[in-house]
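First the structure, in the form of structure tokens, and then the observations on it.
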Amino acid sequence: MYLAALVISVAGLAEIVPLYFSSLATPPAPGIKPLEALQLEGRDIYVREGCYLCHSQMIRPLRAETERYGH
């Protein structure tokens, strides 16, 4: 029981700690600025309403999807 908890703890740290340091090591690309509040709200609505399902470049080879969304 204790061995399993130890293994899970070590594995969790091995995955979480590098993610913390990767953001410090990789600076953002030049010219990138954060989204404004209205843009963030629009993106949240876009995702919440599922607009990305139809308005994407995803290939839809299945018959049911092409009948529903078009070619």
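The values are calculated or read from the model by the stated rules, or taken from the named source; none is laboratory data. Note that this is a predicted model, so its numbers are computed, not measured. Neighbour counts are summed over all protein chains in view; Cβ atoms, including those assigned to glycine, are modelled from backbone coordinates with ideal geometry. For the accessible areas, the whole protein counts, side chains as well, though only heavy atoms, and no ligand, DNA or RNA atoms are used. Shrake-Rupley method; radii C 1.70, N 1.55, O 1.52, S 1.80 Å.
Just one of Tyr46, Tyr52, Tyr20, Tyr2 is open to solvent by 80 Å² or more (accessible area, probe 1.4 Å) and touching a His at 6+ places or on another chain (Cβ under 9 Å); which is it?
So the residue among Tyr46, Tyr52, Tyr20, Tyr2 that is open to solvent by 80 Å² or more (accessible area, probe 1.4 Å) and touching a His at 6+ places or on another chain (Cβ under 9 Å) is Tyr46.
Taking helices (runs of 4 or more DSSP H) that do not extend beyond the chain, which have at least 1 residues that are at pLDDT 90 or above?
Per the criteria, 2-25, 37-48.
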